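Only one structure is covered here, and it is reproduced in the block below.
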Amino acid sequence: MTQARRRVAIVGFGPRGLGALEALVRQALVTGTSVAIDVFDPSRWPGGGPSFSPDESEICLLNLPLRSISLPPPPPCSGVQQDFSTWLKNRLQDGAQDGDAYLPRALLGTYLHERYKALLAQLPEAVSVVHHQARVNAAHQDQTGWRLQCADHSHGPYEHVLMSLGQPQTDPDPQLERWRRHAHRHGLQLCAAYPGHALIEAADAWAGRIVGIRGLALSSLDVIRMLTLGLGGRFEGTRYIASGREPARIIPFSLDGQPPAPKPLNAALDARFDPLPEEDAAFEAALHAALSGAADAGPSALFEALGAAVARVIHSVGGAVEQGDIQDWLQQEVAAAGSQEQLATSEALRCGIRQAEGQDLPTIGYTVGQLWRKWQPLLRCVYDSRPIPPNTARTFTAFDEGLKRYSYGAPIETARQLLTLIETGLVDPRAADDPDIRLRPEGWEIQAEDTAVIADVMIDSVLPSPALGQVTEPLVSGLLETRVLSALDDGLGARCGADAVLVREDGTPVQGLGLAGRLSNGSSIASDSIHDCFGDIADRWAATVLQPA
Ligand SMILES: Cc1cc2nc3c(=O)[nH]c(=O)nc-3n(C[C@H](O)[C@H](O)[C@H](O)COP(=O)(O)OP(=O)(O)OC[C@H]3O[C@@H](n4cnc5c(N)ncnc54)[C@H](O)[C@@H]3O)c2cc1C
């Protein structure tokens, strides 16, 4: 008897959608299952996603050096088996790429898009893939399976649907909402940071004006490069050579004025923060203990293991530190992330650069952050594979989010460029730490020390939170209304199983409907990384989808 062909859909086809497709093809090859897969994404670049879009400005860089990008290979049937760095070598034809280089995000997106096309060209006979260049607005289930509604067409039924939507549309936070109304009323420009090429185009009219940037994380650093390099300026050593098209002043600010710390300069300096095998084992054991109990455990259950590794790293480079100080730092991080950092913006930047260059001994915070970065795969592996109580999810995701200022650190070159721009006076950090901002008809009056300055352009570089309740994307809000989708807790993402299948509030799985990525924050952790897109969740989802009927 021939097996019926399974029908599966993937909605949202950025890198995570591609990771899910590859996992499904691998699983179909292993199980000999026949499967028809529809993928839905309005993008022209399936597989790349907006963050790595091949047509994004080259100013926007990856936050990982080339040597750290290590994706699993595509399914064995695919015509392309090159990893990213081999593909780059062939494409750029200029010999070996520097492993310490931070390349444009668009290059990774081009690789992912080509990887998708190469897979399509060599699919096994039993597997078919169709890309619908459309947005899905609604999903509903009937006796035959899941049906998906696009603007003018209904698709399905599908036995299984995975939503991998990245960060879809959300309600603006109250400040942004007020600012949008203000900008509309007075004809002011309030722009999004991305897409970068659109921002650079708009910025061509801002020469001599004062531009505010809401946010001081990695996106803000992208924006500052777009407003300088993107407008024809260039850096020569520690000098900035202006093109004359730049704004007169750029004023970034955030809730704490702390810039992201740069990552260690090169592989050798980075290796100083590698955990030892016995430290990996202790951290993993602590994670299991913290996450397997029925009681809500916070990240402090990890602090003994973390603290021991932090002390060993600092001592190994000639520093001195007391375990008590490390534990105080960690406890303070839980109580109020970042409240230990007391340096002004430019001084914090300078110190971060000196630590990244190995000129200064690493501080407790810098060391915690680098170890946390190295332990991200282990953290995901243990955390994502089990149900997490809401309180534990809240405290763990908050701790992980807070440490991003170190663990997702900036390329050192970008940090140095920011420092140069501060020293030349083009970037003014005096208002960086949670300034008072008054709305004036001419713009945003930002209080900086004892003076106030009016920015007549404002750029929003703050990524909305992944809280499910704020998502306005019709597909998500429709499923929230019918309670198919529910948040794990206030401020968190969807309640999902380890295989991405949605779980209702009463604990029952939603047959045939899964969600992966940022919107499952809490059920999974540390999803804002290319490596997570090709991780275990996709494999578990594929195994569930193609298990024997
Ligand atoms: C500015 C920025 C820079 C980043 N830089 C890095 C970096 O350097 N390194 C790194 O590891 N990570 C980086 N990240 C994190 C990065 O977003 C993830 O690594 C990765 O892109 C997540 O992939 P995804 O497929 O889950 O989401 P996305 O890449 O966002 O893709 C989601 C896709 O879903 C589609 N979609 C949404 N709603 C619908 C719908 N209703 N119907 C159909 N399609 C829909 C969208 O069109 C989109 O293509 C960055 C993120 C941002 C925002």
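The values are calculated or read from the model by the stated rules, or taken from the named source; none is laboratory data. What you see is a predicted model; the values in this text were computed from it and never measured. All Cβ positions, even for glycine, are placed from backbone atoms using ideal geometry, and neighbour counts span all protein chains on display. Keep in mind that these areas ignore ligands, DNA and RNA; they rest on the heavy atoms of the full protein, side chains included. Shrake-Rupley method; radii C 1.70, N 1.55, O 1.52, S 1.80 Å.
Any chance you could check the Cα centroid distance between segment 152-174 and segment 61-122 for me, in angstrom? The distance from the Cα centre of segment 152-174 to that of segment 61-122 comes to 28 Å. Helix 345-356: angle to the longest alpha-carbon principal axis of the chain, degrees 0 to 90, nearest 10? Helix 345-356 sits roughly 70 degrees off the main axis of the chain. For the pair segment 458-502 and segment 181-234, the centres of their Cα atoms are 28 angstrom apart.
Within the assembled protein chains, the solvent-accessible surface assigned to Arg147 is about 60 Å², based on a 1.4 Å probe. Local charge for Glu246 was computed over the other residues whose Cβ lies under 11 Å away, with Lys and Arg +1 and Asp and Glu -1, and equals +2. Per-residue SASA remark: Leu29, around 70 Å² accessible (1.4 Å probe; ligands, DNA and RNA not included). For segment 42-108, what class follows from the C-alpha gyration tensor (a ≥ b ≥ c being the square roots of its eigenvalues): rounded when a/c is under 1.5, otherwise prolate if a/b is larger than b/c, else oblate? It comes out oblate by the Cα gyration axes.
Solvent-accessible area per residue for the chain at a 1.4 Å probe radius, Å²? Walk me through the numbers on the way to the answer.
On the way: 22770 Å² over 549 residues.
Accessible area per residue: 41 Å².
Taking all protein chains as shown and a probe of 1.4 angstrom, Ser243 keeps an accessible surface of around 50 Å².
Compute the Cα gyration tensor for segment 147-273, then decide on rounded, prolate or oblate, letting a ≥ b ≥ c be the square roots of its eigenvalues: rounded whenever a/c is under 1.5, prolate when a/b is larger than b/c in the other cases, and oblate in all that remain.
Details: a/c = 2.10, a/b = 1.35, b/c = 1.56.
Note, shape of segment 147-273 comes out oblate.
Which of the residue pairs Lys263/Lys404; Lys117/Lys374; Lys89/Lys117; Lys263/Lys374 have a Cα-Cα distance greater than 21 Å in the structure shown?
Numbers: Lys263/Lys404 11 Å; Lys117/Lys374 32 Å; Lys89/Lys117 19 Å; Lys263/Lys374 12 Å.
Over 21 Å Cα-Cα: Lys117/Lys374.
Compactness of segment 78-197, taken as the C-alpha radius of gyration over 2.2 N^0.38 Å, stands at 1.57.
Leaving out ligands, DNA and RNA, and with a 1.4 Å probe, what % of the accessible surface on the chain is carbon or sulfur? Don't skip to the end; give the middle numbers.
Details: 11730 of 22770 Å².
It is 51 percent, rounded to a whole number.
Rounded to the nearest Hz, the phi-derived 3J(HN,Hα) couplings of segment 533-541 under the Karplus curve 6.51 cos²θ - 1.76 cosθ + 1.60 (θ = phi - 60°) are 5, 10, x, 5, 4, 4, 5, 5, 4, where x marks glycine and proline. Simple point charges give the picture: +1 on the Cβ of Lys and Arg, -1 on the Cβ of Asp and Glu, and for segment 160-213 a dipole about the Cα centre of about 240 debye. Rounded, prolate or oblate: which fits segment 1-143 when a ≥ b ≥ c are the square roots of the eigenvalues of the alpha-carbon gyration tensor, with rounded for a/c under 1.5 and prolate only if a/b beats b/c? Because a/c hits 1.5 or more and a/b fails to exceed b/c, segment 1-143 counts as oblate. Residues whose amide H lies under 5 Å from that of Leu162, counting only those 5 or more places away or on a different chain, are Ala9, Ile10, Val11, Gly514; hydrogens are built 1.01 Å from N in the peptide plane.
Taking all protein chains together and a probe of 1.4 Å, list Lys404, Lys89 from the most accessible to the least accessible. Write out the running numbers ahead of the final one.
On the way: Lys404 35, Lys89 100 Å².
Solvent-accessible surface, decreasing: Lys89, Lys404.
If you take every DSSP beta bridge fully contained in the chain, what fraction is antiparallel? Give it as a percent rounded to 5. Don't skip to the answer; put the middle values down first.
Details: 26 of 62 bridges.
So the antiparallel bridges amount to about 40 percent of the total.
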